Amino acid sequence: MKLFYSPNACSLGIHILLREIGQPFELVKTDLHQGAQHTPEFLAVNPKAKVPVLQRDDGGILTEFPAIAFYLARTNPQMHLLPTDLEGEVRALERLDYMVATIHMRGFTRLLRPSLFSTTPGDEDKVRQVGRDIVLQGFANLAPLLGDNPYIMGDFSVVDCALFYLEFWARTRTDITVPEHLDAHLNRMLTRPAVQQALAAEGLA
Ligand SMILES: N[C@@H](CCC(=O)N[C@@H](CS)C(=O)NCC(=O)O)C(=O)O
C-alpha cells in the first residue's frame, strides 16, 4: 500500500492509522506547500488534488479520510479499530464526518487558508473569525462526547486518529486552547508509539 501525504496535513491521521496497524506501507510525500497536488503525476492518481490518498495493493485508489479509515478498519478486523455493532458503527461514522466535514473543512480551512473563502479584498479576518468560531464550537461539541473516556469511542479507534489531527493543528498551527478533556486526549495520543513514529517520519516531532 502507498499513502500520499503532506506533512501535518489531515493525512497525518491516516499515517498514524497505518502505523497502528503495522502492515508494510510506502509513504509518498506530496508537499502541498510546493504545489505537488497540482502536478500531472499526482492528478493522475487523484484528480481532486487532495491528500490523503491510499493506493491499495490491488492498485485501487481510495480518497476521503472517512472512507480510507473505514476501509483500513474493516480490512484489519483483528485491530478492533471500529465498533462492529450498528449503533457503535454509526456513531463512529457520525463523529468522523463531523470532524472532517465540519471542524476541518468548514472551520480550520477558513482559519488557516482564509483566501480560499474571501470574496472581497480585505475580508480575510472576517473569514478567519468564522472559521475560528466553527472550530471552537466543534471542540465544545466533542468534549462531552469524550468525557472521562480515554478515547472518543471508549476504546482506541480510527475516530481518534481524526480527532488527533484536529487537536494537533489547534496546538501547533493556531493559538486555540482545546477543552481540558481533549487536551488530555491529545497528550494520551502523543504517548502512542505509532503517533510518535508518524510525527518523526513527517518531521514534526
Ligand atoms: N474531505 C477530504 C479532505 C482532504 C483535504 O482537504 N485535504 C487537504 C489537506 S488537509 C488538501 O489536500 N488540500 C489541498 C490543497 O490545499 O490544495 C478528506 O476527507 O480526505
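Things to note:
- Considering (1) touching a Gly at 6+ places or on another chain (Cβ under 7 Å); (2) buried (at least 19 other Cβ atoms within 10 Å of the Cβ), the lone condition that Leu54 does not fulfil carries the number (1).
- If you filter the range 26-80 down to residues that are in a loop (DSSP other than H, G, I, E, B), in contact (Cβ under 8 Å) with a residue 40 or more places away in the chain and away from the ligand (no atom under 11 Å from the Cβ), you find that the one that is farthest from the chain's Cα centre (by Cα) is Asp57.
- Checking Cys10 against (1) under 15 Å from the mean Cα position of the chain (by Cα); (2) more than 9 Å from the ligand (Cβ to nearest atom); (3) within 18 Å of Val195 (Cα to Cα), the condition it does not meet: (2)
- Condition broken by Glu94, with the remaining ones in (1) within 14 Å of the ligand (Cβ to nearest atom); (2) free of Cβ contacts under 8 Å to residues at least 60 places away in the same chain satisfied: (1)
- Ala201 fulfils the conditions (1) in contact (Cβ under 8 Å) with a residue 12 or more places away in the chain; (2) of a type in the set (A, V, I, L, M); (3) out of contact with any helix residue (DSSP H, G or I) (no Cβ under 8 Å at 6 or more places or on another chain) except for a single criterion, (3).
Okay, residues lined up against (1) touching an Asp or Glu at 6+ places or on another chain (Cβ under 6 Å); (2) assigned to a helix (DSSP H, G or I); (3) loosely packed, with under 14 Cβ neighbours inside 10 Å; (4) in the same structural domain as Leu12 (by TED's automatic domain parsing):
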position	(1), (2), (3), (4)
Thr120	no, no, yes, no
Ile134	no, yes, no, no
Asp175	no, no, yes, no
Leu186	yes, yes, no, no
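- Failed item, numbered, when Arg106 is tested on (1) in a helix (DSSP H, G or I); (2) within 13 Å of the ligand (Cβ to nearest atom); (3) farther than 23 Å from Ala170 by Cα: (3)
- Among the residues making up the range 81-117, those that are β-branched (Val, Ile, Thr) and under 14 Å from the mean Cα position of the chain (by Cα) are Val100, Thr102, Ile103, Thr109.
- Of the residues making up the range 1-52, those that are among the acidic types (Asp, Glu) and touching a helix residue (DSSP H, G or I) at 6+ places or on another chain (Cβ under 7 Å) number 1.
- The single condition among (1) in a helix (DSSP H, G or I); (2) free of Cβ contacts under 8 Å to residues at least 12 places away in the same chain that Gly88 does not satisfy is (2).
- When the range 109-134 is filtered for residues that are of a type in the set (A, V, I, L, M, F, W, C) and more than 14 Å from the ligand (Cβ to nearest atom), the ones remaining, listed by number, are Val127, Val130, Ile134.
The values are calculated or read from the model by the stated rules, or taken from the named source; none is laboratory data. Remember, predicted model here, so these are calculated numbers, not experimental data. Ideal geometry is used to build each Cβ from the backbone, glycine not excepted, and the neighbour counts take in all protein chains shown.
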